[in-house]
Amino acid sequence: MRRQVPLLLTAIVGFVYIIQFFVPHKPFNIIEHLFTDWILIIAACAIWLGVLNLLKLSSEKVYKRAKDWPYALVIICGFFMITVAGFFFSGGRAFQESGTAFDYIYVNIFTPLSATMFALLAFFVASASYRAFRARTFEATLLLLAGFFVMLGRVPVGDLMTSWLPQGYRLSDLAGWIMMVPNMAGQRAIMIGIALGIMSTSLRVILGIERTITGGE
Amino acid sequence: MATGKLRNQKKYFTLICLLLFSPTLIAQTESADITTTPPAPVTEVVAFDTPNDAGSSITIRWKKSPDDRPDDSLFAGYKILRAIYPRGEFQQTADAPAGAEETFDNEARDGVEYTYRIRAVRGDLYSDSEASPPAQSKQQWFHTGRINTLIGCLIIGLAILFFINRAKSGKKLYIRKIAGLEAVDEAVGRATEMGRKIFFIPGIQDIYNLQTIAGVIILGRVAKLVAEYDAQLEIPVSRSMVMVACRETVKEAYLNAGRPDAYKEDAIHYLTDEQFGYAAGVDGLIVREKPATIFYQGAFFAESLILAETGNYIGAIQIAGTAMPAQLPFFVAACDYTLIGEELFAASAYLSKEPKLLGSLKGQDVGKVVILLAILIGVIVHSFGLFNFAQLFRVQ
């Protein structure tokens, strides 16, 4: 029973979702919105599972003075700081408006921290590119050459270097061709494979052939 | 003499005045015409049930008024007047801007016949069109604009089902080797030998995303292996529902491996829903715990390279898999193995070696053959200019 009910529910919901794509008649026309609403409601309730789990594990770490416990303390303090600021010092429902304590923390702490993490990408891209572009094999050499021409073709100096060539044969045109023809063809091939994979996995889950996620072999 | 000269000067002056002010006078006359004459009415008004919808909508089309010109700033647009056929009173139901030749009445009652007039408005003046023939809205049972999708789904879906049944009957199927999945055993074994943890990152999307589901399915296979090897597994997640799904999956895997005692619920824990907060949290864990193996299986965005480069920095074996084309190059550059697109969805079947699941992969291949043929035919048909083959694949 514990396995059959989720399988049955998955099959019903899966088939109804497929049908609603082809049948505009009522009640199928509202099913997508209805399911989306349900997902949002469940997700909103489920967030407490995550939050409580995070607090529980962090509190245990601090209490037991486990390895790296100060980090757990930062999590707990951060959680309570933003919660208290949002609930009690930000004017109730208008807590997201500018000038509130919640907004102050969001703008001055959260946003710079997020931006810092995002900015790290620049350094990671440099180190990853260095490894990827090492011309050790034929494919890596092709990648290096394609990358070289695309990067050069995307900046004005690329066209300046090839200004003696007729229009349509300059570096920016070569970069455009690489992006629009071989790159696009490869991306589309991947997308077709992904679409087929999604279809196959969906069918396996809906038909109950794939049971790992519902607790089966 | 002087009088004649003065008369001549007067003539010139009058002529100059006329030349200077005549355009204004003409414009004023025209303007007077525009403000006193109503615009020409619209013609050819037709109304019909909006196709492929859930009812309550009638499409109205007309040929715009000849006075509806971009240079006529006074032309205000159209008012849609509706009446119940045949003797109802016309009332305004909608507006349409200048230049429009189609609009929708989305407040129609199904089964009631309506007739429409289009009122062209210029300034304070207007003119009404002839009433349209009656039309009524109704719901449709099938979206005819999606028949091509249905045919495609049926062909591929039936092919998948056919091969699943064929596999069930014991027919051996050839599946090409996927290096990333062949390395799973080695990666788990390495972590066991080193006595270090295995990290599994199921992406940053919620459980309703099929990539996350595929990731969790792979987790089930990996967790069973981890339980058999008696290694340590840690799964930091960014969504509460994914945490619950992962816990159930891992618990079941440990049970199936005969090691329910080794299952630790707290090893699957929530960090945050925030993209970069999650990336920072996982990076911190990677640097502090130094796992021997890291799996990235699911939907990833800009955090993919941040995570994978950190894993690379600490020397972990990394196996990634995602169906986000934009993130694939990053994983390829930073990870040891990458499951590209469809391989992510094939991983579960590949790892389980279960015939029914492997059969579905064969069905996918039929889909690829169909698409390849369609591309080939499309290239030939378009090259010879026979007809617009691409329109067969347009979905409304």
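The values are calculated or read from the model by the stated rules, or taken from the named source; none is laboratory data. Here the structure is a predicted model, which is why all the values come from computation and not from measurement. For neighbour counting, all protein chains shown are included, and Cβ atoms are generated from backbone atoms with ideal geometry for every residue, glycine included. The protein model used for the area step is the full one, side chains on, heavy atoms only, and it has no ligands, DNA or RNA in it. Shrake-Rupley method; radii C 1.70, N 1.55, O 1.52, S 1.80 Å.
Annotations for the structure displayed:
- For peptide A:123-133, the mean count of partner chain Cβ atoms within 10 Å of a residue's Cβ comes to 5.
- Pair B:Phe301, B:Leu74: separation of 7 Å Cα→Cβ label points (nm): 5.3
- For segment B:300-329, backbone nitrogen atoms closer than 18 Å to the point 7 Å from B:Val287 Cα along Cα-to-C-beta are found at B:303-316.
- Annotation: for a label point projected 7 angstrom from Cα along Cα→Cβ of B:Ala179, residues of segment A:132-176 with backbone N closer than 19 Å are A:132-145.
- Dipole of chain B, positive end: most advanced residue of B:Gly123, B:Val395, B:Tyr208 [Cβ charges, Cα centre]: B:Val395
- Dipole check for the protein assembly as shown: with +1 at the C-beta of Lys and Arg, -1 at the C-beta of Asp and Glu, and the Cα centre as origin, the magnitude is about 1020 Debye.
- Here the protein assembly as shown has 65 percent of its accessible surface on carbon and sulfur atoms, given a 1.4 Å probe and all protein chains in place.
- A:Leu55 paired with A:Ala189, simple spin-label distance in nm, labels 7 Å along Cα-to-beta-carbon: 5.2
- Solvent-accessible area of A:Phe102 with every protein chain in place, 1.4 Å probe, in Å² to the nearest 10: 40
- Chain B - percent relative contact order, Cα under 8 Å, separation 6 or more: 14
- Checking the cross-link pairs B:Lys177/B:Lys362; A:Lys64/B:Lys224; A:Lys64/B:Lys264; B:Lys251/B:Lys290; B:Lys197/B:Lys264 against a 20 Å limit on the alpha carbon distance flags A:Lys64/B:Lys224; B:Lys251/B:Lys290 as lying beyond it.
- Each peptide among B:167-175, A:202-210, B:260-268 gets the average number of other Cβ atoms lying within 10 Å of its residues, and from highest to lowest they stand as A:202-210, B:260-268, B:167-175.
- Think of it as helices only: each DSSP H run of n ≥ 4 in chain B is worth -39500 (n - 2.57), and spread over all residues that comes to -15500 deg cm²/dmol at 222 nm.
- Computed accessible area, B:Ser73, all protein chains, 1.4 angstrom probe, square angstrom: 110
- Over segment A:160-217: Rg over Rh, Cα atoms, Kirkwood Rh: 1.47
- With the simple model of a label 7 Å out from the Cα in the direction of the Cβ, B:Ala262 to A:Phe123 spans 3.8 nm.
- Rounded to the nearest 10 degrees, the inclination of helix B:355-383 to the longest alpha-carbon principal axis of chain B is 30 degrees.
- Helix A:184-206 vs. chain A, principal-axis angle (Cα, 0 to 90°, nearest 10): 30
- What you get for chain B, charging only the Cβ of Lys and Arg (+1) and of Asp and Glu (-1), is a dipole of about 940 debye around the Cα centre.
- Among the chymotrypsin sites (Phe, Trp or Tyr not before Pro) in segment A:157-195, those located in a DSSP loop and surrounded by at most 12 other Cβ atoms within 10 Å of their own Cβ are A:Trp164, A:Tyr169.
- Toward the positive end of the charge dipole of the protein assembly as shown, with +1 on the Cβ of Lys and Arg and -1 on the Cβ of Asp and Glu, the farthest Cα among A:Leu121, A:Tyr104, B:Pro38 is that of A:Leu121.
- Where the Cα pairs of segment A:1-88 fall when distances are cut into 10 Å bins, in %: 14, 25, 22, 17, 19, 4, 0
- When chain B is reduced to its Cα atoms, the Kirkwood hydrodynamic radius in Å: 27.7
- Our helix-only sum for chain A, with -39,500 (n - 2.57) per DSSP H run of n ≥ 4 divided by its residues, gives a mean residue ellipticity at 222 nm of -23500 deg cm²/dmol.
- Taking every protein chain into account, the accessible area of the protein assembly as shown amounts to 56 square angstrom per residue (probe 1.4 Å).
- Area hidden from solvent between B and A (accessible, protein heavy atoms only, 1.4 Å, total, Å²): 5800
- Pairwise Cα inverse-distance average, inverted: Kirkwood Rh of segment B:89-235 (Å): 23.0
- Rounded to the nearest 20 debye, the dipole magnitude of segment B:143-292 is 840 debye, with +1 charges on Lys and Arg beta carbons, -1 on Asp and Glu beta carbons, and the Cα centre as origin.
- Peptide A:42-54 - average C-beta neighbours from other chains (10 Å radius): 6
- Across peptide A:185-193, the mean count of Cβ atoms from other chains lying within 10 Å of each residue's own Cβ comes to 5.
- Long-range tail of P(r) for the protein assembly as shown (Cα pairs > 44 Å, %): 44
- At R0 = 60 Å, FRET efficiency that the Cβ-Cβ distance of A:Asp68 and B:Ala390 yields, to 0.05: 0.55
- Farthest toward positive dipole pole in segment B:84-160 [+1 Lys/Arg, -1 Asp/Glu at C-beta], among B:Ile160, B:Ala135, B:Ile147: B:Ile160
- Cα centroid separation, segment B:270-342 to segment B:41-93 (Å): 56
- Helix B:179-194 axis, angle to chain B major axis (alpha carbon atoms, nearest 10°): 50
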